[in-house]
1. Over the C-alpha atoms of region 84-179, what are the Rg and the largest Cα-to-Cα span, Dmax, in Å?
2. If you wrap the chain's Cα atoms in a convex hull and average its projection over all directions, what's the area in nm²?
3. Using alpha carbons only, how many degrees (0 to 90, rounded to 10) separate the axis of helix 18-36 from the longest principal axis of the chain?
4. Between W62 and V126, what is 0.36 nm times their sequence separation minus the Cα-Cα distance? Round to one decimal in nm.
5. For the chain, take the longest principal axis of its alpha carbons; what is the angle in degrees between that and the long axis of helix 88-109, to the nearest 10 within 0 to 90?
6. Grab the beta carbon distance between R199 and H90, set R0 = 22 Å, and tell me the FRET efficiency rounded to 0.05.
7. May I ask you to list the residues of region 171-187 whose amide nitrogen lies under 20 Å from a point 7 Å from Cα along the Cα→beta-carbon direction of Q52?
8. How high is the relative contact order of the chain? Use alpha-carbon pairs under 8 Å, at least six apart in sequence, and give a whole percent.
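Any read-out appearing in this document is the output of simple, stated calculations on the displayed coordinates, not a laboratory observation. These numbers were taken from a predicted model, which means no experiment stands behind them. Neighbour counts run over all protein chains shown; Cβ positions are idealised from the backbone, glycine included.
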Amino acid sequence: MEGWLNTLSNTMHLFANAESVFGILIGVGLSAAAGFRVFIPLLGLSIAGYFQWLPLSEGFAWIASWQALVAFSVAALLEIGAYYIPWLDHALDVILAPAAAIAGTVLTASTVGDVSPFLKWSLAIVAGGGVSSLVHLGTSSIRAAVSLPTGGMGNPVVSSGEGLSALLLTVLAVFIPIVAFALALWILFRLFRRLQKRRAETLAR
């Protein structure tokens, strides 16, 4: 009983703290971006941390190091380029699905303020990892739907849209987190509706 009361108290403290609320908004926005591209939001957070635009949670200072900045830059460029190679993009969708969930979890955990480790990682896994996984699932579904009728020729258009979406969400999450959060919710809603529609069409055949 005491444990539940402590968790409830920590949760109330979290949402009463403006810095923590903004941390959640930033984390969810970046997590949604990770559903499109894993390394673009990590690079964005690394840049923001390096130039001290955003404070990072305790234990995540490494993200703001120049070594991480270089590593995320290279990884982001490789990821973006690989998604333009026909059929390799489908393999990446499968391979990077767990990576998107991990990235979303880390991105949220690194931006949430001073709260208990249990609450921080619960939020990070559910909100961060959950959002990035759902977005990744939705975009993979869209890619598959475009790839079949076009023989893969339409995939670069999808890849460009995903890359721009990841970049836009990352920039908004860093500078206007409430807009990034709202956009992330809208994207989730649209992807959910699309998946529902595809499921209904499949069942109707």
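1. 15.5, 50
2. Its average projected convex-hull area is 12.6 nm².
3. Between the helix axis and the principal axis of the chain, the angle is about 20 degrees.
4. Gain on stretching W62 to V126: 20.7 nm.
5. With rounding to tens, the tilt is 10 degrees.
6. 0.65
7. Only 174-175 fall inside the zone, counting backbone N under 20 Å.
8. Once divided by the residue count of the chain, the mean separation gives 33 percent.
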